[in-house]
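Enquirer: Following this message is one structure expressed as structure tokens.
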Amino acid sequence: MGNFFSFGVAPNEKCLFLYFLTFSLTVYPIVVFILLFLNWIIFSGKFDVFHLGLGIVSCVVVTWLSQDLLYFDRAKGFLARVREAWGFIGYIPWLTWEVVLANVHVLKLAMTKAGYVEMSPRVVTFKTKLKTDFAKFVLANSITLTPGTITMLIRGDVFHIHVMSQYLEDDLLTGAIEMKVLEIFEPELLNKG
């Protein structure tokens with residue numbers, strides 16, 4: 001057993017390490033399962049044994065499949081995760097407003113002669129400052145939710161986005177969405193530059 005723990009950690013620190021390892025491997029999946037199951041109950045509105053059983057099976061499968069995305073990396077503490085969740089809740093209205101503005105622009109592109117002239121589809125490539133896969137995931141989906149833009153490919157830190165017009169390209173390259181995601185999920189990178 002001495003070889004298993006031979007990574008240069010004092011005996012008390014070994015116990016603490018094992019405690020946190022056990023905690024993250026058991027508690028986080030249970031919390032995720034409970035949150036998913038509560039959503040299942042609320043949105044299904046069915047309380048019979050059959051539907052609750054389906055909910056349990058579905059939530060177990062989703063918890064198991066998403067373990068590497070939701071709770072594999074425990075580098076951030078519980079309070080940091082709560083701050084991220086709270087920040088994301090505040091991000092949703094801002095993103096919704098951006099979607100409304102983009103809808104108006106795409107409506108103009110589709111319904112007016114000036115829009116027809118302005119329309120010039122292209123692929124835009126930019127490098128992101130985001131480092132974590134989850135932050136990149138949120139950015140990619142936020143871009144795709146915005147009408148007139150689709151995230152086509154992410155290779156490392158480089159995003160390839162299809163846009164419908166110069167206005168949408170300019171709006172994308174201002175980096176407003178990226179900065180909002182950075183503020184929520186990787187605020188330590190804001191201080192670096």
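Enquirer: Could you pull out every residue, at least 5 positions away or on a different chain, whose amide H is within less than 5 Å of the one on Ser165? Hs are placed 1.01 Å off N in the peptide plane, and Pro or chain starts have none.
Expert: Answer set, sorted by chain and number: Ser120.
Enquirer: Then there's this: Can you figure out the FRET efficiency of Ile150 with Glu188, using R₀ = 35 Å and their beta-carbon distance, to the nearest 0.05?
Expert: Efficiency for this residue pair is about 0.70.
Enquirer: Amide H neighbours of Met152 under 5 Å, at least 5 residues apart or on other chains, H built in the peptide plane: list them.
Expert: Distant-sequence amide H within range of Met152: His160, Ile161, His162.
Enquirer: Now for a different question. Which whole-number percent gives the relative contact order of segment 57-193, counting Cα pairs below 8 Å spaced six or more residues apart?
Expert: Rounded, it is 25 percent for segment 57-193.
Enquirer: Which ³J(HN,Hα) values, rounded to whole Hz and listed in residue order, are derived for segment 112-125 from phi using the Karplus coefficients 6.51, -1.76 and 1.60 in 6.51 cos²θ - 1.76 cosθ + 1.60 with θ = phi - 60°, glycine and proline given as x?
Expert: Each residue's phi maps through the Karplus curve to give 10, 5, 4, x, 4, 5, 6, 5, 8, x, 6, 9, 10, 10 Hz.
Enquirer: Separate question: Could you grab the relative contact order for segment 137-193? Cα pairs under 8 Å, six or more apart, rounded to a whole percent.
Expert: Relative contact order of segment 137-193: 25 percent.
Enquirer: Rounded to whole Hz and in sequence order, give me ³J(HN,Hα) for segment 86-98 from the Karplus expression 6.51 cos²θ - 1.76 cosθ + 1.60, θ = phi - 60°, writing x for Gly and Pro.
Expert: Ordered by residue, 3J(HN,Hα) equals 5, x, 5, 4, x, 6, 4, x, 4, 5, 4, 5, 4 Hz.
Enquirer: Starting from the Cα gyration tensor of segment 28-125, take the square roots of the eigenvalues, sort them a ≥ b ≥ c, and report rounded, prolate or oblate (rounded when a/c is under 1.5, otherwise prolate if a/b is larger than b/c, else oblate).
Expert: Since a/c reaches 1.5 and a/b is larger than b/c, the shape of segment 28-125 is classed as prolate.
Read-outs throughout are calculated quantities, based only on the coordinates presented, and are distinct from any laboratory measurement. Since this is a predicted model, take the numbers as computed values, not measurements. Don't worry about glycine lacking a Cβ; one is built from the backbone with ideal geometry, like all the others, and counts go over all protein chains shown.
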